[in-house]
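Let me begin by presenting the structure, written as structure tokens, before commenting on it.
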Amino acid sequence: MLIREFRVVLPLSLEEYHVGQLYSVAEASKNETGGGEGVEVIVNEPFEEDGKKGQFTHKIYHLASKVPKVIRMLAPKGSLEIHEKAWNCFPYCKTIISNPDYMKEGFYIEIITIHKEDDKGLIENIHDLPPDLLAKRAVLHVDIVNDPVDARDYKPEWDPTKFKSEKTGRGLLKPDWKDTSQPLMCAYKLVKCEFKWWGLQGTVESRIQKVYPRLFRNFHRQVFCWIDKWYGMTMEEIRAIEEEAKRELDKRRGEGEVCGMSEQ
């Protein structure tokens, strides 16, 4: 099992991030859907369990072109459907990613996220890992400004160094933005990945973990650069956007070309 903790700092408050993240998930899903692939929303509803309240989502990702080539070569047609179940009790969120129809117990990814206000990503063990897991964990800081961006992913409108918000005045971020920006928050994302196919375990686990810095970097650049689209929205407005996005995703999967990030 590989364990990585990704720390993503943003020039947002916790309340702002909660709205912006949900809005951006809906928008980014559209960018990843088309030509028979993409996101299918099965469930999106409130839940209450073991004293916790939040929003539960179950999505299926139809993504034949978006998994490592080594898996595409081995997996039968139609088996590359990844299920994502998420329990969002913001500022805590748990996500389980699996392939129950084909790889079953042989593959899963667990992502536990804790969001922290006024934080630069310097808390040593926010997830309270025991010593054995802490020894296996590697920490990676994702910087939406200073990290290099793959040429396939770059768009000027998603560049925090070029974007300036009309509603908040934030933007045109400089290399020292973490020391000069207010507000600040950090998403601590603990990713555990296990892949139990003999002979491919190490290769695939490492490949999957390399995807996450790119995924988190691209997504959070979008969250910030879309701030003028979501800033000031209520949660009721966000839920309405999610419902409309579900209908649009169903339509997009049946038409057009494959969209979004691909894995070579």
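The values are calculated or read from the model by the stated rules, or taken from the named source; none is laboratory data. Predicted model, so just to flag it, every value in this text is computed and none were measured. Backbone-built Cβ (ideal geometry, glycine too); neighbour counts: all protein chains shown. For accessibility, only protein heavy atoms count, side chains too; no ligands or nucleic acids. Shrake-Rupley method; radii C 1.70, N 1.55, O 1.52, S 1.80 Å.
Summary table below
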{"item": "Complete set of residues in the range 98-111 that are open to solvent by less than 20 Å² (accessible area, probe 1.4 Å) and under 15 Å from the mean Cα position of the chain (by Cα)", "result": "Ile109, Ile111"}
{"item": "Of all residues in the range 4-21 being in a helix (DSSP H, G or I) and of a type outside the set (Ser, Thr, Tyr), the one that is most open to solvent (accessible area, probe 1.4 Å)", "result": "Glu15"}
{"item": "First in the range 96-109 and touching a residue at least 24 places away in the same chain (Cβ under 8 Å) and assigned to a strand (DSSP E or B), second anywhere and among the charged types (D, E, K, R) and open to solvent by less than 20 Å² (accessible area, probe 1.4 Å), Cβ under 9 Å, 6 or more apart", "result": "none"}
{"item": "Condition broken by Glu205, with the remaining ones in (1) acidic (Asp, Glu); (2) in contact with a Phe, Trp or Tyr (Cβ under 9 Å, 6 or more places away or on another chain); (3) without any contact (Cβ under 8 Å) to a residue 12 or more places away in the chain satisfied", "result": "(3)"}
{"item": "Check on Glu255, surrounded by fewer than 17 Cβ atoms within 10 Å (Cβ to Cβ) and touching a residue at least 40 places away in the same chain (Cβ under 8 Å)", "result": "yes"}
{"item": "Some residue of the range 194-206 being in a helix (DSSP H, G or I), of a type outside the set (D, E, K, R), crowded, with 17+ Cβ neighbours inside 10 Å and modelled with pLDDT under 90", "result": "yes"}
{"item": "Hits in the range 140-186 - residues which are surrounded by fewer than 12 Cβ atoms within 10 Å (Cβ to Cβ), farther than 19 Å from Gln222 by Cβ and not polar (S, T, N, Q)", "result": "Gly169, Pro175, Asp176, Asp179"}
{"item": "Subset of the range 207-224 [at pLDDT 90 or above and among the hydrophobic types (A, V, I, L, M, F, W, C)]", "result": "Leu215, Phe216, Phe219, Val223, Phe224"}
{"item": "Test result for Lys178, closer than 16 Å to Val8 by Cα and either touching a strand residue (DSSP E or B) at 6+ places or on another chain (Cβ under 9 Å) or hydroxyl-bearing (Ser, Thr, Tyr) (or both)", "result": "yes"}
{"item": "Candidate set from the range 22-64 (those that are in a loop (DSSP other than H, G, I, E, B) and in contact with a helix residue (DSSP H, G or I) (Cβ under 7 Å, 6 or more places away or on another chain)); member that is nearest to Arg239 (Cα to Cα)", "result": "Thr33"}
{"item": "Subset of the range 225-264 [modelled with pLDDT of 95 or more, within 30 Å of Asn146 (Cα to Cα) and polar (S, T, N, Q)]", "result": "none"}
{"item": "Subset of the range 98-156 [over 19 Å from Lys189 (Cβ atoms) and of a type in the set (Ser, Thr, Tyr)]", "result": "Tyr102, Tyr154"}
{"item": "Residue check for Ile241: in contact with a helix residue (DSSP H, G or I) (Cβ under 8 Å, 6 or more places away or on another chain), touching a residue at least 60 places away in the same chain (Cβ under 8 Å), surrounded by fewer than 19 Cβ atoms within 10 Å (Cβ to Cβ) and over 26 Å from Asn125 (Cβ atoms)", "result": "yes"}
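Residue-wise test of (1) at pLDDT below 80; (2) crowded, with 17+ Cβ neighbours inside 10 Å; (3) of a type in the set (Val, Ile, Thr).
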| residue | (1), (2), (3) |
| --- | --- |
| Leu2 | no, yes, no |
| Val25 | no, yes, yes |
| Gly34 | yes, yes, no |
| Gly38 | no, yes, no |
| Lys52 | no, no, no |
| Phe56 | no, no, no |
| Ile82 | no, yes, yes |
| Tyr92 | no, no, no |
| Thr95 | no, yes, yes |
